[in-house]
Amino acid sequence: MSLGSKSSLMTAEAMKKCFDTVDAIDLKNVEVSLGSKGLSILYDGKSLQKYDCIYAKGSFRYAPLLMSITTAFYNNTYMPIKPNTFTIGHDKLLTHLALQYYKVPMPNTYVVSTIDAAKKILEQVKYPIILKFPQGTQGKGVMFADSFAAASSMLDAIETLKQPFLIQEYIETEGSDIRAIVVGDKVIAAMKRKAAGEEKRANIHAGGKGEPIVLDAHTRKIAVNTARSIGAEICAVDILETAKGPAVIEANISPGLQGITATTKIDVADKIAKYLYEKTKEFSEKGKKTETSKMFTDLGVGAAGKDEEQQIVTNLDFRSERILLPKIISNITKFDEEEDVVIKARKGKVSLEKY
């Protein structure tokens, strides 16, 4: 479920190799209906069907919609992105708060409520600095100031937009950073990006160039912990190499795949698709076990494998003139077809015991 970007289409095509059926759902045609009877999701005016797996993604403008959709399906459908992750992951302030909570290293960051408060901070910080809007992708909304005068001028412009913003320590890396793609508990691909010319942003969309890189164990762990901190099983993590070690500057829950795929020669979409398939199978099996446990409870049967005698009430299943016992009995008794058993029977009663 996406806005139909090239990266999303690449993932959908890769998923077709794993799943029986794959639908590419246009997020712009999805509606959320709220009422006293509950929450319902509509697609092209009709109720969205039940899926085993939904991989939802989109820009920050669709964060409330994505959160609503995933909330509606989260308990019964496997999804790699938690509902509240769309709020956290699309807001740089909330992302940095999550990183701090999980003790993920990052540049010093300041949040201010007024321009006057911001100018007081600007009088104390070391230059250059970065000014950021909480929302934005592909390096948009990120500004560089090399002096108090330059930062003050930017604040005057920001004030007219009436938007909150962040002031962040600038770390000199000669215009380079690392983009790592995290899937589950692994970094499946990573590249080092270098900004073009005088540009400070290393983003590929801003003209940056990439080269493949193999991350050390410490940096891989930081990338995976970043994804966990915001509740995403699939995301991109941007990291700076500093004198004190790796520092995370951003997490992206809707990353572009073309650049890193072309740079690393790794089929990132294929790895994502295979991961989604395996996790969907796990989710489905877990659901079946839960349903079985509930069925045992409803029938008044305790957990299988206990020594105490269990009792159920059911009809008999006759196959020709033979009685077929319910599967629950097999689960409780743990009989093996290689074992001999003693069957005792009289009218209205039958019992089986290991020989």
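Tabulated data
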{"read-out": "LYS92 in contact (Cβ under 8 Å) with a residue 60 or more places away in the chain, in contact with a Lys or Arg (Cβ under 7 Å, 6 or more places away or on another chain), at negative phi and charged (D, E, K, R)", "value": "yes"}
{"read-out": "Region 327-346, residues that are among the aliphatic types (A, V, I, L, M), exposed (fewer than 10 other Cβ atoms within 10 Å of the Cβ) and either in contact with a Phe, Trp or Tyr (Cβ under 7 Å, 6 or more places away or on another chain) or closer than 12 Å to GLN310 by Cβ (or both)", "value": "VAL342"}
{"read-out": "Helices (runs of 4 or more DSSP H) fully within region 39-110 counting 2 or more residues that are over 18 Å from the mean Cα position of the chain (by Cα) and outside the structural domain of THR21 (by TED's automatic domain parsing)", "value": "92-101"}
{"read-out": "Residue satisfying condition, being more than 30 Å from CYS53 (Cα to Cα), at pLDDT below 75 and of a type in the set (S, T, N, Q), within set SER293, SER330, SER351, SER320", "value": "SER320"}
{"read-out": "Pairs, first within 19 Å of VAL183 (Cα to Cα) in region 70-84, second surrounded by fewer than 19 Cβ atoms within 10 Å (Cβ to Cβ) and among the hydroxyl-bearing types (Ser, Thr, Tyr), C-beta under 7 Å, six or more apart", "value": "PRO83/THR71; PRO83/TYR74"}
{"read-out": "Matching residues in region 43-64 - criterion: being free of Cβ contacts under 8 Å to residues at least 60 places away in the same chain and surrounded by 19 or more Cβ atoms within 10 Å (Cβ to Cβ)", "value": "LEU48, TYR51, ILE54, ALA56, TYR62, ALA63"}
{"read-out": "Close pairs (9 angstrom Cβ cut-off, 6 or more residues apart or separate chains): within 17 Å of ASP146 (Cβ to Cβ) in region 113-132, at pLDDT below 80 and part of a helix (DSSP H, G or I) anywhere", "value": "ALA118/ILE158; LEU131/ILE158"}
{"read-out": "Selection count, region 252-268, where residues are surrounded by fewer than 20 Cβ atoms within 10 Å (Cβ to Cβ) and of a type in the set (A, V, I, L, M)", "value": "2"}
{"read-out": "Near pairs, Cβ below 9 angstrom, 6+ apart or cross-chain, from region 267-285 (closer than 12 Å to ASP52 by Cβ and in the same structural domain as ILE54 (by TED's automatic domain parsing)) to any residue that is in a helix (DSSP H, G or I) and among the aromatic types (Phe, Trp, Tyr)", "value": "none"}
{"read-out": "Hits in region 45-102 (condition: over 16 Å from ARG228 (Cα atoms), in contact with a Leu (Cβ under 7 Å, 6 or more places away or on another chain) and aromatic (Phe, Trp, Tyr))", "value": "TYR55, TYR62"}
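Conditions tested, residue by residue: (1) closer than 16 Å to THR173 by Cβ; (2) in a strand (DSSP E or B); (3) modelled with pLDDT of 95 or more.
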{"site": "GLU198", "(1), (2), (3)": "yes, no, no"}
{"site": "VAL214", "(1), (2), (3)": "no, no, yes"}
{"site": "HIS218", "(1), (2), (3)": "no, no, yes"}
{"site": "ARG228", "(1), (2), (3)": "no, no, yes"}
{"site": "CYS235", "(1), (2), (3)": "no, yes, yes"}
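The values are calculated or read from the model by the stated rules, or taken from the named source; none is laboratory data. None of these values were measured; they are calculated from a predicted model. Backbone-built Cβ (ideal geometry, glycine too); neighbour counts: all protein chains shown.
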